[in-house]
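The structure under discussion appears below in the form of structure tokens.
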Amino acid sequence: MSYKLSLIGPGDIDFHYYQLLKLKPKKFQSELENIAKALSELDISLELLPDNGICIELAKLYKKAGGKEVIGTVPQSDKTFGISHLQEYVNAKIDNKNLFDKIIDSGDWFKHDLIKGLMGDSILYLGASPGTDGERNYAVYLYKLMNQYKEGIEVTGKKIHPEINAGKNFSILVYSPFLINKRLPKEDEVYMKKFGINLIYIKNPDQLKEKLTELIS
């Protein structure tokens, strides 16, 4: 089984990266292409929610660059909000081939948001937004429970969902150029350390490749 990297990031590229972060579209696109190239050169799979935003755009570029596998995690069992708005992304194609090699049912939307960040061996965090930060924070909280940091609770990742991959060397790689302040809040850093999560700040695609190579080995 190849190393699985869970992608989380903002859905509105124009608002978040161009208006909020003030990135130039050409520079942003170039950065994304270089990230995709770095990832495609590693023996890893990418996991993401098939939806509008940076994650699926990165996955497309990764596949175009020769990337190995793209996995979609979708709350197919949801009865509250449904997933009809995701179908065009689930069915996305690259060079007339399906972008997604595999689709995992994450349950309903409520469970999906809780477990999304734990589906990979590590998280690549591509920017701060309400949804993205929810996924990151819930991953930290559930990882705390999985590792018995809360008295009276004993639960494994596989009991929560059979496709959860997060284990002893669980890491969150934060792509600093996509954060206004280049770092997470100090409180978040301290809690991750307390619960045994590796927090790694990434400055560029080359460093991303280097750090992932270390994690995979």
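Counting each pair of different Cα atoms once, what's the Kirkwood radius of segment 97-217 in Å, rounded to one decimal?
About 15.3 Å, per the Kirkwood formula over Cα pairs.
Hey, fewest Cβ within 10 Å first, where do Thr213, Thr80 land in order?
Thr80, Thr213
Would you mind checking which residues have amide H under 5 Å from Met119's amide H? H placed 1.01 Å from N; only 5 or more apart, or other chain.
Result for Met119 returns Asn165.
What is the diffusion coefficient of the chain in µm²/s, taking the Kirkwood radius over Cα pairs and the Stokes-Einstein relation at 10 °C with a viscosity of 1.306 mPa s?
In µm²/s, the coefficient is 91.
Give Lys4/Lys27; Lys150/Lys211; Lys37/Lys203; Lys64/Lys211; Lys116/Lys193 a once-over and call out the pairs whose C-alpha atoms are over 25 Å from each other.
Where the Cα-Cα span goes over 25 Å, the pairs concerned are Lys4/Lys27; Lys150/Lys211.
Rounding to the nearest 20 debye, state how big the charge dipole of segment 8-216 is about its Cα centre with +1 on each Lys and Arg Cβ and -1 on each Asp and Glu Cβ.
Magnitude of the dipole: close to 440 debye.
Rounded, prolate or oblate, given the Cα gyration tensor of segment 16-98, with a/c below 1.5 counting as rounded?
Cα axes put segment 16-98 in the oblate bin.
Hand me the trypsin sites (Lys or Arg not before Pro) from segment 75-111 located in a DSSP loop with no more than 12 other Cβ atoms within 10 Å, in residue order please.
Here the trypsin sites (Lys or Arg not before Pro) that fit, given the DSSP loop and packing criteria, are Lys79.
Readers should treat all values here as calculations from the given coordinates under stated rules, not as data from a laboratory. Since the structure is predicted, the reported quantities are computational estimates derived from the model, not experimental observations. Virtual Cβ from ideal backbone geometry, glycine too; neighbours counted across all protein chains shown.
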